[in-house]
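These notes concern the structure reproduced below.
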Amino acid sequence: MAADAVGLMVFVAAGVRAHGGLLTTSTVARDAGPLLGAWCALAPLSGVYRAPGWASLLRHWAVAVPAGVLLRQVLLGRPLGGGTAIFLGAAAVFTAACVAACRLAAWAACRLWGACATGRGARLGRGEGEGNKEKGKGTEGLTSDP
């Protein structure tokens, strides 16, 4: 979950800076709050961390990102129209890229340094049983081909 949260925060930070904004606490809370809130609130329903892997991540992302974008628009009092659709499209592409990059970075760090947390939530690969058995440091769910 940490890698996903970092990926979403990277997306928010890049978006704020790309649009000339300052990264203040209130800006981050305003822009990241609804997205992270939707991501975390929907995680138990989607099972993204109970059955970790790329397929469950894709299913979760397809629901959580639009929910977070729409929640943000409503909280900011913005109309839901063409501008929202454009923002949703951009958010979809860039959140997917940022979350995938952060998951891959976490997976690589785990494989390289064995710096993995233990438990189901730490598994970033496709499934169980094909782990990094030679390291034996909580990497049992990672696969060799992300």
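Where a number appears in this text, it was derived from the coordinates with a stated rule and is not lab data. Being a predicted model, the structure only gives us computed values, none of them experimental. For neighbour counting, all protein chains shown are included, and Cβ atoms are generated from backbone atoms with ideal geometry for every residue, glycine included.
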(request) Give the distance, in whole Å, between the Cα centre of the stretch 26-75 and the Cα centre of the stretch 1-15. (result) 11 Å
(message) To check my understanding: the extent here is largest minus smallest coordinate of the Cα atoms along each principal axis. What are those three numbers for the stretch 28-90, in Å, largest first?
(response) 36, 22, 18
(message) Over all directions, how big on average is the projection of the convex hull of the alpha-carbon atoms in the stretch 1-119, in square nanometres?
(response) 7.9 nm²
(message) What does the net charge come to around V99 if you take all other residues with beta carbon closer than 15 Å to its beta carbon, with K and R at +1 and D and E at -1?
(response) +1
